[in-house]
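The values are calculated or read from the model by the stated rules, or taken from the named source; none is laboratory data. Just so it is clear, the model here is predicted, and its values are computed rather than measured. Note that each Cβ is placed from the backbone with ideal geometry, even for glycine, and that neighbours are counted across all protein chains shown. For accessibility, only protein heavy atoms count, side chains too; no ligands or nucleic acids. Shrake-Rupley method; radii C 1.70, N 1.55, O 1.52, S 1.80 Å.
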Amino acid sequence: MTDYAGLVSAAGAMQRRQMYADPAVYEQELERIFGRCWLFLVHESQIPQPGDFFRTFMGEDDVLVVRQKDRSIKAFLNTCTHRGNRLCRADRGNAKAFACNYHGWAFGADGALVNVPLEKDAYFSEIDKSRFGLVEVEQVASYKGLVFGCFDRGAPSLADYLGDMKWYLDVWLDALPGGSVLLGEAQKVEIPTNWKLPVENVCGDGYHLGWAHAGAMKAVQSMDFSGFTVGNASVDLEGGLSIAGLNGHSLLATLDGVSGYSFYPDNGDIMRWLEANRPTVIERLGRVRGEKFWGSQLNFTIFPNLQFLPGLNWFRVYHPKGPGRIEQWTWAMAEQAMPEAIKQRILDNQLLTFGPAGLFDNDDGDNLAACTEQSRGWRTRQMDVYTNMAQGHSGRRPGLPGDIAVGVVSEHNQRYFYRRWQEHMAAADWRAVPQYNLNSLHAAEGLAHAG
Amino acid sequence: MPAETHALLSIDQHLALTQTLYREARLLDEERYADWLELLADDVHYRMPLTARRFRADRSAALAEGPGYVFDDDKGRLGLRVQRLESGLVWAEDPRNRVRRIVSNVEIYRAETDGEATVHSVIEVHRSRIDAQQRRLTAGRTDLWRLEGGSWRLVQRLIQFDHPVVIDSNLNVFF
Ligand code: FES
Ligand SMILES: [Fe+2]
């Protein structure tokens, strides 16, 4: 394996373009990033009943996630153990068993091989069915509704992998009783881009918003978009933070407690609901999270390929399909405790702005595609790209985990994302991957709970 | 959508409506969005549901809050999309992409209400984009059109998109 350290500068502020298009780099990513990290599989709300299944991907591996009789969740490689055919061809549903199209081997919801046609006549009853069950994903675990899988037995537990990011995640996952829910079908779009580019676009690139989305912002300028102006003429950074240094996970946050929803048209009912429920949230999560974060526009990134935005309310996973292609899956997200009418408004607004024909989403595809394409040329791929904005302007804040830069227009979070990428690419196994939850909550226990 | 009937319109009404369908496609190809909006009734409902591949025998529950959609627009929301496209600030459409819509398999029947017609059709959207990129998107459509002041206006459109995974990096197009 190659040590790809040279592709990212020490501080993460420069990347060699080769990393966006080189098949060899991509192969190593499949092994050392997607073969090693905890990857999002499904939200528990999507497979509520025993036998409910959901088909997804871990890297390029096709994976079937199935709710068991005892309500636990298992995940299997979606491939028949006989001759390798794709076992399940549906995106989701409910099934008692999965029968293979090719020769009819059938597997139970628990992955056991339960039926082999012509077992007596052709196999002379000599096949040991217990040896040919579906291959299970080594580790499956949930954090408050989000189910993750991991191919690496040596990985830290999901709780340790998420680390202090959990404290921020709870702003969506545990703000109100009932927790979170995903709405509707997956919105699937294929984009000719390297998977890292959409991740960096959302984890830290507040910079593109006023410019790339100028057309959309002009059309909806009656709505308040957190102080951004059409055409990037100016930006109001007041009250925003870029938070990173949490094992590759990060957060962009406005801190006014309303700006996610203030972007909605006719949002009176939503604002009233927020304020009516805020005391409960403060009681559950404390004042900092209840007053400043809950209701704000938040961009969450869980390394490597999961992102979600309470406020604009989309939830997204990027499945790599080669160095220059992804399938982007998006859902609308809400809190279970929200009234149906507000959930419907969220679905409406999310699909209008960030769905497959979303007013804002439609501006991003070509930029991401072209950054990938322009990393392929023999001369071009030797060039660098830069994430050096506001470098050296970050620090720690009492009670808030992570290394924090002021404002949501900053390349702070991208630097930590690429730094983490490089650490994984260079490490032979998990023991060589540094763990860092900077400004850990444990070190500042008193302050975190004082609010 | 209205119940299926098989009563035909008068020949001249049928002809006028067929011409309207083709004209609509050309208006969109030529990016004459204001003219296109004129073709839409004020109470238009323009809709493209999201789909998932499910087993035929699958009877599992629908997902929370329904399946969702790509478009679920009234005239106001379509107006927002047009405003964005006409802002001059949508970089993905500049230089302009060449788009051709082919409308085919047109079936027109009298609807239950007088002066309304149900129209089934197939649409193929060809996009010629940056460099050598070609995209071909197909969908089935079921429409309701209404005769208003002597011309046909689109009242409802249900678009059955054939691609569970959208095979383009944006959908800045109407169907
Ligand atoms: S490949 Fe599945 S039964 Fe043979
Ligand atoms: Fe964007």
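What's the carbon and sulfur percent of segment B:1-95's accessible surface, probe 1.4 angstrom, rounded to a whole number?
53
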Problem set entry | Unit charges on C-beta of K, R, D, E only; dipole of the protein assembly as shown, Debye | 1060
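In square angstrom and rounded to 100, what buried accessible area do you get between chains B and A, total over both, with the probe at 1.4 Å?
Counting both chains, the buried surface is close to 3900 Å².
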Seminar exercise, completed: Placing one equal point scatterer on each C-alpha of chain A and summing with Debye, one gets log10 I(q)/I(0) at q = 0.06, 0.08, 0.13 Å⁻¹ equal to -0.27, -0.47, -1.23
Problem set entry | Whole-number accessible area per residue in Å² for segment A:146-305, which is evaluated in the context of all protein chains at 1.4 Å | 30
Exercise. With labels modelled as points extended 7 Å from the Cα through the Cβ direction, what inter-label distance (nm, one decimal) is found for A:Leu173 paired with B:Thr138?
Worked result: 4.3
Problem set entry | GNM result for chain B, Cα springs below 10 Å: residue of B:His126, B:His45, B:His163 fluctuating most strongly | B:His163
Exercise. Using 1/(1 + (r/R0)^6) with R0 = 60 angstrom and r between the beta carbons of A:Ala5 and A:Lys96, what's the FRET efficiency to the nearest 0.05?
Worked result: 0.75
For this session: Using only the alpha carbons of segment A:269-389, determine the length spanned along each of the three principal axes and report them from longest to shortest in whole angstroms.
Result: 58, 31, 21
For this session: Using R₀ = 41 Å, calculate the FRET efficiency as 1/(1 + (r/R₀)^6) where r is the Cβ-Cβ separation of A:Gln221 and A:Glu283; round to 0.05.
Result: 0.65
For this session: Quote the FRET efficiency, to the nearest 0.05, computed for A:Gln435 versus A:Ala112 with a Förster distance R0 of 45 Å and r equal to the Cβ-Cβ distance.
Result: 0.75
Problem set entry | Cα-derived Rg over Rh, computed across segment A:52-158 with Rh taken as Kirkwood radius | 1.00
For this session: Could you work out the relative contact order of chain B, using alpha carbon pairs under 8 angstrom and six or more residues apart, expressed as a whole percent?
Result: 26
Exercise. How much of the accessible area of segment A:45-170, in percent, comes from carbon and sulfur atoms when a 1.4 Å probe is used?
Worked result: 47
Exercise. Taking the Cα-to-Cβ direction at A:Arg71 and at A:Gln374 and moving 7 Å from each Cα, how far apart do the two end points lie in nm?
Worked result: 5.3
Problem set entry | Unpartnered cysteines - no second Cys beta carbon under 4.7 Å - across chain A | A:Cys37, A:Cys88, A:Cys150, A:Cys203, A:Cys371
Problem set entry | Solvent-accessible area per residue for segment A:350-392 (1.4 angstrom probe, square angstrom) | 44
For this session: Run down the lysines and flag those whose C-alpha is under 19 Å from the C-alpha of A:Lys129, throwing out any fewer than 8 positions away in its chain.
Result: A:Lys96, A:Lys120
For this session: Report, as an integer, the average count of C-beta atoms from other chains found within 10 Å of each Cβ along A:180-187.
Result: 6
Exercise. Taking the Cα centre of each part, how many Å lie between segment A:41-106 and segment B:139-175?
Worked result: 34
Exercise. What ranking, highest mean first, results for peptides B:116-123, B:52-59 when packing means the other Cβ atoms within 10 Å averaged over each residue?
Worked result: B:116-123, B:52-59
Exercise. Of B:Tyr22, A:Tyr418, which has the most accessible area with a 1.4 Å probe, and how do the rest follow in descending order?
Worked result: B:Tyr22, A:Tyr418
Seminar exercise, completed: Relative contact order in percent for segment B:1-85 (Cα pairs under 8 Å, 6+ apart) equals 28
Exercise. Working out 0.36 nm times the residue gap between B:Asp35 and B:Arg59, then minus their Cα-Cα distance, what length gain in nm do you get to one decimal?
Worked result: 4.2 nm
Exercise. Going highest first, how would you order A:117-128, A:67-78, A:352-363 by mean Cβ packing within 10 Å?
Worked result: A:352-363, A:67-78, A:117-128
For this session: Please give the length that would be gained between A:Glu126 and A:Met14 if that part of the chain were fully extended, namely 0.36 nm times their separation in residues minus their C-alpha to C-alpha distance (nm, one decimal).
Result: 34.4 nm
For this session: Have a look at A:Thr81, B:Trp145, A:Leu252 and report the one farthest towards the positive end of the charge dipole of the protein assembly as shown, computed about the Cα centre with Cβ charges (Lys/Arg +1, Asp/Glu -1).
Result: A:Thr81
Seminar exercise, completed: PRE zone check, label point 7 Å out along Cα-to-Cβ of B:Asp131, amide N under 19 Å, scope segment A:183-207, hits A:190-198
Seminar exercise, completed: Averaged per residue, the 1.4 Å probe accessible area of chain B, protein heavy atoms only, in Å², is roughly 48
Problem set entry | Drop in accessible area of at least 50 Å² in the complex versus isolated chain, residues of segment B:51-94, 1.4 Å probe | B:Arg53, B:Phe55, B:Leu63, B:Glu65, B:Tyr69, B:Arg77, B:Leu80, B:Arg81, B:Arg84, B:Leu89, B:Trp91
Exercise. Of all DSSP beta bridges in the protein assembly as shown, what percent run antiparallel (nearest 5)?
Worked result: 95
For this session: For segment B:76-160, count the residues as N, evaluate 2.2 N^0.38 Å, and divide the Cα radius of gyration by that value, please.
Result: 1.36
